[in-house]
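Please read the structure below before turning to the comments.
Each value in this text was obtained by applying a stated rule to the coordinates, not by laboratory testing. What you are looking at is a predicted structure, and each value in this text was computed from that prediction instead of being measured. Cβ: placed from backbone, ideal geometry, glycine included. Neighbour counts: every protein chain shown.
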Amino acid sequence: MKKIFLVIIFMCMSGWLFVDEGNGKEGGLSQKATALIERYVHDKPDPMIMDSISPYYGQIVQMGVEAVEPLLAALKNDDPSYVEERLAFIYILGQIGDQRAYVALRDEFFHGDGTEGFKWRGMISLGSCLTEDRIDDYIVLALEDTTGGGVRALREMSEQDFGADAQQWAAYLKIPGSLELFKKNCRQRSAPILG
């Protein structure tokens, strides 16, 4: 009788846990992503190890689209620890390539570091989140970038060179399959290069 009672209690608790996980799956994943981002920001790898990267970085990337909203919140966080990691958040969003990140990454492109390297990296991450209805905006952004980083990213990711001709760039990216290939190249290039 005691065993049956324990089995019933175990089943009830397991069922309760299962229902709780099912009802809060999205919130739970969002909280997990937020916790991973927090750990990434505050638990730094040993600086003496060459090319070391936090294990939390990869875990956030693996969460994929579930991490997008927490990453967007982290991008807006003005805490100095978060500000220091903005470029990493941009890279991660680029690796995920979710269209919800386009507006935030576009804003970072305008307000972030004004160097050619930052603009180049920003355009790559932004390109991974590109949708067909934003192609014209993306091209104008690249062509108006005075550092040259925007056009450089556009050329490298597309393996094309239409100079400053916005119409040719748009026509190319609107060819069936071109946008998907461009976004794939951007997602791959958003990954950190170590070694």
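Details
- Values of log10 I(q)/I(0), in the order q = 0.22, 0.23 Å⁻¹, for region 96-148 under a Debye, Cα-only, solvent-free model: -0.75, -0.82
- Three semi-axes of the equivalent ellipsoid, region 89-195, Cα gyration tensor, whole Å, largest first: 18, 16, 13
- For region 44-195, size of Cβ-based charge dipole, Lys and Arg +1, Asp and Glu -1, in debye: 280 debye
- Length, then width, then depth: along the principal axes, the Cα atoms of region 38-160 run 40, 29, 28 Å.
- Computed from the Cβ-Cβ distance with R0 of 35 Å, the FRET efficiency linking GLN168 to GLU38 stands at 0.20.
- Gyration tensor (alpha-carbon) shape descriptor, region 151-190, a/c threshold 1.5: oblate
- If the Kirkwood radius is taken over C-alpha pairs of region 36-97, then at 4 °C and 1.567 mPa s the Stokes-Einstein diffusion coefficient equals 110 µm²/s.
- Relative contact order of region 114-195: 40 percent, from C-alpha pairs under 8 Å at least 6 residues apart in sequence.
- Cα gyration tensor shape of region 123-168, rounded if a/c is under 1.5, else prolate or oblate by comparing a/b with b/c: rounded
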